[in-house]
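The values are calculated or read from the model by the stated rules, or taken from the named source; none is laboratory data. Keep in mind it's a predicted model, so treat the numbers as computed, not measured. No Cβ is skipped: glycine too gets one built from the backbone with ideal geometry, and neighbour counts run over all protein chains shown. Keep in mind that these areas ignore ligands, DNA and RNA; they rest on the heavy atoms of the full protein, side chains included. Shrake-Rupley method; radii C 1.70, N 1.55, O 1.52, S 1.80 Å.
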Amino acid sequence: MASVEEHTAQPPAEVAGDIAVENPATGEVIAHVPDLGPDAVAELARAARAVQPAWEALGYDGRGRVLRRAQKWLVDHSDRVIQTIVSETGKTYEDALIAEVMYGANALGFWAKNAPRYLADERIRSSSPLLKGKKLVLRYRPIGLVGVIGPWNYPLTNSFGDCVPALAAGNAVILKPSEVTPLTSLLLLEALRESGLPDGVMAIATGGGATGAALIDEVDMVMFTGSTATGRKVMERAAQTLTPVSLELGGKDPMIVLADADLERAANQAVYYGMLNTGQTCISVERVYVEAPVHDEFVAKVTEKARALRNDRSTGPGTADVGSMTFPPQVDIVERHVQDARDKGAQVLVGGSRGHDGRGGYWYEPTVLVGVDHTMACMREETFGPTLPIMKVADAEEAIRLANDSPYGLGASVFSKDAARGEAVARRIDAGAVCVNDSNVNYTALELPMGGMKSSGLGSRHGAGGIRKYAQQQSLLISRLHTRKDIHMYPNTARVTAGLGKLVRLLYGRGKRD
Ligand code: NAD
C-alpha cells in the first residue's frame, strides 16, 4: 500500500483527515491522500501567487521547454502512468493509453507550440474617425492563479489536461483532482517538477467537495469538469467573488443511424464509444436512434459485438476490453436505469447485471437495451455506464426531434453514407460538437473547441478559446502623433459642432437604403 507521504509532493499543511483511494477493480485500498481544509488551500494559493510572476517571466520559450520535457517524461514513463491510472480507475490498459496518455502527450506539445500564437498581441484597425493614426492593440496576459477541479473518469485528460494550457499561458495552477482518483495528478506533478517546473507554480489540492469549494474562493479563474449538479454549485460559489468559470458538464450524447448508413461502421462505433472507459466518458454514446428499415440489422450487429467483449480486470496490454466501473455509486445509477427500462417494457439483449463472480470491486456488464423510449431514465438521464439503449425511429425527423429532446447538449453523432445529408442532420442537433460517420474523436482535435450547449456547460476547452480563457484580455490604445487638443474638446462652439454634424452625415448618412 502506498503511504500518504509517497503521494504528497506538497508543503506540510493543515489536513482535515485523509482519504482512502481504492482500486475499483478489486476494492482494495491502494493509498491514502490528505483531505486538505480551507487553510491548507489558502497556503497553497499564497505560495503559487508568490512564484507566478517568475513563471510568467520565463516567457513562452522557457515555459514551452518545461512542457516539452514533461512530454518526453510522459512517454518515457508511460507504463508507470498507465499503471497508476488503471489502479485508481479500474479502466483497461488501452483506455489509459489511448484516451489519457496519448491525449496528455499531444496536449503538452500542442500548448507549448501554440500558446504564443493564440495569445499573441493583435493589432486592431478601428472604423472610428476619432482614432485615425492611433495604435490599437489587444493583448492577453495571464489571469494569475487558475483553479482546476476535475472528475474521476479521466484523471489525466480531464484534470491534468486542463492545467497544461493554463500553465503555458503563464499562470500558476492549483488542481483539485477527484477524491476518487487523486494519484495520477500527484504523479504528473512529479513529472512537471522533474521537467523543471519551479516549486509552487503548480500544486495538487487533494480532498473532497469542500476542498474544491475552498479552492474557488482562492483563485482568479475556475476550470471545472464534472456533473451538472456540482457545476451549478461551482458557479454559485464563484459568483460571490465574481470569479470567471468554465464548466464542462454532463452529457447524454445521441447517435443517429440513418437508413443509408454503413451499418458495420456505425455498429463498431456504437459499441466502442458506448463502452469506452466502461461508458464513463462525458461524450459516450448514451442513446442510439435508428431508422426503422435498418433497425433490426443494426441491433443484430451491435448485439454480436457487445456479447464478445471481455469485461474483466486489465492486467496489461490486450487482457480485457471493458474494465470495472470507477465510482461505486455510479453502479447503482446504471442498475436503476436498466431496471427502470425493464419495468417499462424494454428488453435486455446483452448484459443487464453487475456480473459479480467473486472478483470484488465495482462491475457492471456491457449491456444492450432495445424497445426503449423517452419515458425511461436510460434515454433521459446521464447513465455514465456501459449501456447502449437503441430506439427505432420512423425517419430522420423523428431522430432529430428525439436527439434534441434532452436537457443536455454535449456531443452527438450521425451516420449516413451520404456525407452531405449527414452534415445537414448534424447542423440541426443542439450539441456543442457533432461528428458525421465518427464519434468522440473530435476531442482529440486540440485545434477545435469542445464544450457543451444547454446544461452540458459553459465555455469550452481546446482551440484559441481554450487558452484565452486563462488570460485577461487587455486593450491598449497608444497615441504617438497628436495635437495638443483634439477637435471635439471644450469649449463647444457652433462652428465645430456643425462640422462634426456634417462629418456624421458624410460618413454614415450617404447612399440608398432598402
Ligand atoms: P462531480 O461533479 O461529482 O465531481 C467533480 C469534482 O467536483 C470532484 O473533484 C469533486 O470533489 C468536486 N466537487 C464536489 N462538490 C464540489 C463543490 N461544492 N465545489 C467545488 N468542487 C466540488 O463529478 P464526477 O462524478 O467526478 O464526474 C462525472 C461527471 O463529470 C459526469 O457528469 C460527466 O459527464 C462529467 N464530465 C464532463 C466532461 C466534459 O468535458 N464535459 C468530462 C468528463 C466528465
For region 220-238, which residues satisfy the criterion of being hydrophobic (A, V, I, L, M, F, W, C), more than 8 Å from the ligand (Cβ to nearest atom) and open to solvent by 10 Å² or more (accessible area, probe 1.4 Å)? Met235
Could you say which residue among Asp162, Asp199 is out of contact with any Ser or Thr (no Cβ under 6 Å at 6 or more places or on another chain), modelled with pLDDT of 95 or more and over 19 Å from Ser460 (Cα atoms)? Asp199
Pairs please, first residue from region 72-90 and without any contact (Cβ under 8 Å) to a residue 24 or more places away in the chain and more than 17 Å from Leu192 (Cβ to Cβ), second anywhere and among the aromatic types (Phe, Trp, Tyr) and open to solvent by less than 80 Å² (accessible area, probe 1.4 Å), Cβ atoms under 8 Å, 6+ apart in sequence or on different chains. Ile82/Tyr93
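Could you grab me the full set of residues in region 141-168 that are under 16 Å from Tyr60 (Cα atoms) and not hydrophobic (A, V, I, L, M, F, W, C)?
The answer is Arg141, Pro142, Gly144, Pro165.
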Taking region 177-186 only, how many residues are open to solvent by less than 10 Å² (accessible area, probe 1.4 Å) and touching a Gly at 6+ places or on another chain (Cβ under 8 Å)? 3
Looking at Ala419 and the list (1) among the aliphatic types (A, V, I, L, M); (2) more than 26 Å from Glu264 (Cβ to Cβ); (3) exposed (fewer than 13 other Cβ atoms within 10 Å of the Cβ), which single condition is not satisfied? (2)
Just need a number here: residues in region 251-284 that are in a loop (DSSP other than H, G, I, E, B) and either within 13 Å of the ligand (Cβ to nearest atom) or over 24 Å from Asp373 (Cβ atoms) (or both). 10
Only residues in region 460-481 that are more than 12 Å from Val137 (Cα to Cα) count as the first member; pair them with residues that are small (Gly, Ala, Ser) and loosely packed, with under 14 Cβ neighbours inside 10 Å, Cβ under 8 angstrom, at least 6 apart or cross-chain, and list the lot. His462/Ala445; Arg480/Gly133; Leu481/Gly133
Look through Arg359, Arg342 and report the one residue that is free of Cβ contacts under 8 Å to residues at least 12 places away in the same chain and not polar (S, T, N, Q). Arg342
Index of the failed condition, Gln52 passing every other in (1) over 14 Å from Leu197 (Cα atoms); (2) buried (at least 18 other Cβ atoms within 10 Å of the Cβ): (1)
Selection from region 285-336 of residues closer than 14 Å to Ile390 by Cβ, surrounded by 15 or more Cβ atoms within 10 Å (Cβ to Cβ) and either within 16 Å of the ligand (Cβ to nearest atom) or among the acidic types (Asp, Glu) (or both) yields Val285, Glu286, Arg287, Glu291
Condition check: of a type in the set (Phe, Trp, Tyr), within 16 Å of the ligand (Cβ to nearest atom) and open to solvent by less than 50 Å² (accessible area, probe 1.4 Å). Does Trp111 satisfy that? no
Would you mind stating whether Ser353 is within 25 Å of Met453 (Cβ to Cβ) and either at pLDDT below 95 or hydroxyl-bearing (Ser, Thr, Tyr) (or both)? no
Quick check: anything in region 243-250 of a type in the set (A, V, I, L, M), surrounded by 23 or more Cβ atoms within 10 Å (Cβ to Cβ), in contact (Cβ under 8 Å) with a residue 12 or more places away in the chain and near the ligand (Cβ under 10 Å from one of its atoms)? yes
Given the structure, is Asn492 open to solvent by 20 Å² or more (accessible area, probe 1.4 Å), of a type in the set (S, T, N, Q) and part of a helix (DSSP H, G or I)? no
First in region 115-130 and more than 30 Å from Ala166 (Cβ to Cβ), second anywhere and open to solvent by 60 Å² or more (accessible area, probe 1.4 Å) and of a type in the set (A, V, I, L, M, F, W, C), Cβ under 7 Å, 6 or more apart: Pro129/Leu503; Pro129/Leu507
Of the residues Gly501, Gly466, only one is among the small types (Gly, Ala, Ser) and either closer than 22 Å to Asn171 by Cα or in contact with a His (Cβ under 6 Å, 6 or more places away or on another chain) (or both); which? Gly466
Determine the pairs where a residue that is among the aromatic types (Phe, Trp, Tyr), located within region 323-338, has a partner that is open to solvent by 10 Å² or more (accessible area, probe 1.4 Å) with Cβ atoms under 7 Å apart, the partner being 6 or more residues away or on another chain. Phe327/Trp152; Phe327/Val180
Among (1) of a type outside the set (S, T, N, Q); (2) in contact (Cβ under 8 Å) with a residue 24 or more places away in the chain; (3) closer than 19 Å to Arg63 by Cα - the single one Leu138 does not satisfy: (3)
Determine whether region 72-93 contains at least one residue that is of a type in the set (Phe, Trp, Tyr) and either more than 30 Å from Gly318 (Cβ to Cβ) or within 16 Å of the ligand (Cβ to nearest atom) (or both). no
Tally time: how many residues in region 368-389 are crowded, with 24+ Cβ neighbours inside 10 Å and assigned to a helix (DSSP H, G or I)? 2
Among (1) under 24 Å from Glu43 (Cα atoms); (2) buried (at least 24 other Cβ atoms within 10 Å of the Cβ), which single condition is Gly90 missing? (1)
The condition from (1) buried (at least 24 other Cβ atoms within 10 Å of the Cβ); (2) outside any helix (DSSP H, G or I); (3) near the ligand (Cβ under 8 Å from one of its atoms) that Leu215 misses is numbered (2)
Just to be sure, is Lys392 in contact (Cβ under 8 Å) with a residue 24 or more places away in the chain, surrounded by 16 or more Cβ atoms within 10 Å (Cβ to Cβ) and among the basic types (Lys, Arg)? yes
Quick test for you: out of Asp357, Asp430, pick the one residue that is within 16 Å of the ligand (Cβ to nearest atom) and assigned to a loop (DSSP other than H, G, I, E, B). Asp430
